[in-house]
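**Student:** Dropping the structure in here first, questions after.
The values are calculated or read from the model by the stated rules, or taken from the named source; none is laboratory data. Model, not experiment: these values are computed from the prediction. With ideal geometry, Cβ positions are generated from the backbone for all residues, glycine too; neighbour counts draw on all protein chains shown. Surface areas here come from the heavy atoms of the whole protein model, side chains and all, with no ligands, DNA or RNA. Shrake-Rupley method; radii C 1.70, N 1.55, O 1.52, S 1.80 Å.
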Amino acid sequence: KESKEELRAKYNIPADATVISMVGSIIPLKNPDTLLEALHLCTPQEIEQHNIHLVYAGGGHMFEEFKARVTKSRHADRVHILGIVPKENVNEIMKLSDQYVIASDFEGTSVSLLEAMYNSLPIITSRAPGIIKTINEKDEALMFTTKNAEELKAHILNICNDSNSATTLSYAARKAYDERYSYDRMIDMYVQILNK
């Protein structure tokens with residue numbers, strides 16, 4: 001029920017920021033460093049122009065090491081590491097975000113990706129097994145080669161600079177969710193299988 005502005009205040013994120021979020025375990029498989037590197041590849045002018053901030057929600061065995069690395073980085077004030085967020089609060093992270101990123105080497109059916117689709121976020125993903133079978137490149141999400149921070153940066157700035165593209169991706173992601181993954185759709189599919 002809280003507004004985007006209220007949620008940003010709750011998590012100490014500037015109201016006027018462009019917030020790019022990543023929800024999931026902080027482990028090598030998820031490549032949290034790729035998003036951080038994409039931020040470092042942006043020019044100071046690009047970062048200031050869009051007031052880019054990153055939000056990481058999740059724990060994992062590389063959490064402390066990653067947090068220490070971020071603290072020493074030149075953009076530490078723009079990176080918000082929230083740690084483990086209770087499942088019932090993940091919707092808050094989605095609501096306060098402007099873009100959603102998954103940089104994984106591999107995913108099954110990513111719950112956080114489905115949540116981002118449901119919440120109509122512009123999505124940028126790695127071309128990882130599992131992801132490419134969940135959401136379509138170009139019309140529903142922008143995709144980059146896994147671990148390629150330069151490509152990821154280009155997509156982030158593309159969405160920042162083109163509000164029409166952002167809106168189109170948002171709409172297409174939610175439409176894909178409704179058509180392929182909604183509760184009613186999944187129940188129908190299970191009923192069809194059981195009826196056989």
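**Student:** Would you calculate, for the chain, the mean residue ellipticity at 222 nm contributed by helices, counting each DSSP H stretch of 4 or more residues as -39,500 (n - 2.57) and dividing by all residues, to the nearest 500? Spell out each step's value before the answer.
**Tutor:** Working: 9 runs with 93 residues, N = 196.
Calculated from helices alone, the mean residue ellipticity at 222 nm is -14000 deg cm²/dmol.
**Student:** Give me the number: length gained by fully extending residue 6 to residue 194, i.e. 0.36 nm times residue separation minus the C-alpha to C-alpha distance, one decimal in nm. Display every interim value, and only then the final one.
**Tutor:** Details: separation 188, 0.36 × 188 = 67.68 nm, distance 4.51 nm.
Working it through step by step, the gained length comes to 63.2 nm.
**Student:** To continue, here is another question. Which angle from 0 to 90°, rounded to the nearest 10, does the C-alpha axis of helix 183-195 make with the longest principal axis of the chain?
**Tutor:** It is inclined by approximately 40 degrees.
**Student:** Quick one: which residues, 5+ away or cross-chain, put their amide H under 5 Å from the amide H of residue 125? H built at 1.01 Å from N.
**Tutor:** Hits under the 5 Å cutoff: 102, 142, 143, 144.
**Student:** Gap in Å between the Cα centre of segment 144-196 and the Cα centre of segment 1-53?
**Tutor:** 19
**Student:** Here's a follow-up. Can you give the accessible area of residue 39, probe radius 1.4 Å, in Å² rounded to 10?
**Tutor:** Accessible area, nearest 10 Å²: 10 Å².
**Student:** Taking 8 Å as the Cα distance limit and 6 or more residues as the minimum spacing, I'd like the relative contact order of segment 55-189 as a percentage. Show your work: numbers first, answer last.
**Tutor:** Working: 161 pairs, mean separation 27.3, N = 135.
20 percent.
**Student:** Please give the per residue accessible area of segment 19-73, computed with a probe of 1.4 Å over protein heavy atoms only, in Å².
**Tutor:** Details: 2340 Å² over 55 residues.
Computed with neighbouring chains in place, this is 43 Å² per residue.
**Student:** Still on this structure: For segment 105-196, what class follows from the C-alpha gyration tensor (a ≥ b ≥ c being the square roots of its eigenvalues): rounded when a/c is under 1.5, otherwise prolate if a/b is larger than b/c, else oblate?
**Tutor:** Working: a/c = 3.32, a/b = 1.72, b/c = 1.94.
Note, shape of segment 105-196 comes out oblate.
**Student:** How large, in percent, is the carbon and sulfur part of the accessible surface of the chain at a probe radius of 1.4 Å? Each step should come with its number before you reach the end.
**Tutor:** Details: 5380 of 10080 Å².
In the chain, the share of accessible area belonging to carbon and sulfur is 53 percent.
**Student:** What order, most packed first, do the peptides 107-118, 10-21 have when packing is the mean number of other Cβ atoms within 10 Å of each residue? Walk me through the intermediate numbers first.
**Tutor:** Numbers: 107-118: 19.5, 10-21: 16.9.
Ranking the peptides 107-118, 10-21 by packing returns 107-118, 10-21.
**Student:** Next question, about the same structure. Taking amide H atoms as placed 1.01 Å from N in the peptide plane, list the residues 5 or more away in sequence, or in a different chain, whose amide H sits under 5 Å from that of residue 55.
**Tutor:** Those qualifying (amide H under 5 Å, at least 5 residues apart or on another chain) are 20, 21, 22, 80.
**Student:** Follow-up question, since we're still on this one. Each residue of segment 41-57 in turn: what ³J(HN,Hα) in whole Hz from Karplus with 6.51, -1.76, 1.60 and θ = phi - 60°, glycine and Pro shown as x?
**Tutor:** So the Karplus estimates, Gly and Pro as x, are 7, 5, 6, x, 5, 5, 5, 5, 4, 9, 6, 6, 10, 9, 10, 10, 10 Hz.
**Student:** Related question: Treat each spin label as a single point 7 Å out from the Cα along the C-beta direction, and report the residue 16 to residue 46 distance in nm.
**Tutor:** That separation, rounded to one decimal, is 2.2 nm.
**Student:** If the chain between residue 150 and residue 137 were fully stretched, how many nm would it gain, using 0.36 nm times the residue separation less the Cα-Cα distance? Working shown, then result.
**Tutor:** Details: separation 13, 0.36 × 13 = 4.68 nm, distance 1.77 nm.
Between residue 150 and residue 137, full extension yields 2.9 nm more.
**Student:** Once amide H atoms are placed 1.01 Å from N in the peptide plane, what residues at a sequence separation of 5 or more from residue 137, or on another chain, have their amide H within under 5 Å of its amide H?
**Tutor:** Under 5 Å from the amide H of residue 137: no residue qualifies.
**Student:** Could you derive backbone 3J(HN,Hα) for segment 91-98 from the dihedral phi with the Karplus parameters 6.51, -1.76 and 1.60 (θ = phi - 60°), listing whole Hz in sequence and x where the residue is Gly or Pro?
**Tutor:** 4, 5, 5, 4, 5, 7, 8, 10
**Student:** What does the charge add up to near residue 23, with Lys and Arg as +1, Asp and Glu as -1, over the other residues with Cβ less than 15 Å from its Cβ?
**Tutor:** Working: positive: 30, 87, 95; negative: 88, 92, 98, 107, 115.
Residues near residue 23 contribute -2 overall.
**Student:** Still on this structure, I have one more. Can you give the extra length, in nm with one decimal, that the chain gains between residue 88 and residue 71 once fully stretched, where that is 0.36 nm per residue apart less the Cα-Cα distance?
**Tutor:** 3.3 nm
**Student:** Lys/Arg Cβ at +1, Asp/Glu Cβ at -1, dipole of segment 1-140 taken about the Cα centre: which of 124, 110, 136 is farthest positive-ward?
**Tutor:** Highest projection toward the positive end goes to 110.
**Student:** Right, here's the next one. If packing is taken as the average number of other Cβ atoms within 10 Å across a peptide's residues, how do 146-157, 66-77 rank, most packed first?
**Tutor:** On the way: 146-157: 19.1, 66-77: 12.9.
So the order, starting with the most tightly packed, is 146-157, 66-77.
**Student:** Shifting gears a bit: Just to verify a number: FRET efficiency for residue 165 and residue 61, C-beta to C-beta distance, R0 = 30 Å, to 0.05?
**Tutor:** Details: r = 36 Å, r/R0 = 1.21.
Taking R0 as 30 Å, the efficiency between residue 165 and residue 61 is 0.25.
**Student:** Roughly how many debye, to the nearest 20, is the charge dipole of the chain about its Cα centre, given +1 on each Lys and Arg Cβ, -1 on each Asp and Glu Cβ, and no other charges? Working shown, then result.
**Tutor:** Values: 22 positive and 27 negative charges, 65 e Å.
That gives a dipole near 320 debye.
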